[in-house]
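Take a look at the structure set out below.
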Amino acid sequence: MATSRNYSPYQDKIIKRFYDNRESIDQTRLSDLAAELYLAEGKKRERLWKQAGEVMERLGVPQSRLDHVLKSADPAILAEVVQDVINGHIQPPPKKKPGTP
């Protein structure tokens, strides 16, 4: 049974601001992941690469480049992707309007 959540106006504003700023949050997260990957080892490294892949996908990194970065598992290449995202060479996908599939 799915029930709808009733949020207070304050909570609605917080949720809206989160999604309005999702792109910059993801850029910061990807940058942090690149830094963490330089130092990570073992299972933590695998988990961080998985997270980096998810964030790159949300940021609109082309699939071929995403696959290359994940396959190489080189934090330096990930750092180049971060630079491209920050410099605007990689544009995020357009935001979906509510109610569209």
- prompt: So what's the Cα pair-distance distribution over the chain, bin width 5 Å, in %?
  reply: 2, 11, 20, 20, 14, 11, 10, 7, 4, 0
task: Could you check the simple spin-label distance between GLU54 and LYS13, using points 7 Å along Cα→Cβ, in nm with one decimal?
output: 2.9
task: Would you please name the GluC sites (Glu not before Pro) within the stretch 29-70 that are DSSP coil residues with at most 15 other C-beta atoms within 10 Å of their C-beta?
output: GLU41
- prompt: If you stretched the chain out fully between ARG65 and GLN91, how much longer would it get, using 0.36 nm times the residue separation minus the C-alpha to C-alpha distance?
  reply: 8.0 nm
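Read-outs throughout are calculated quantities, based only on the coordinates presented, and are distinct from any laboratory measurement. Being a predicted model, the structure only gives us computed values, none of them experimental. Cβ sites come from the backbone with ideal geometry, for glycine too, and all protein chains shown count toward neighbours.
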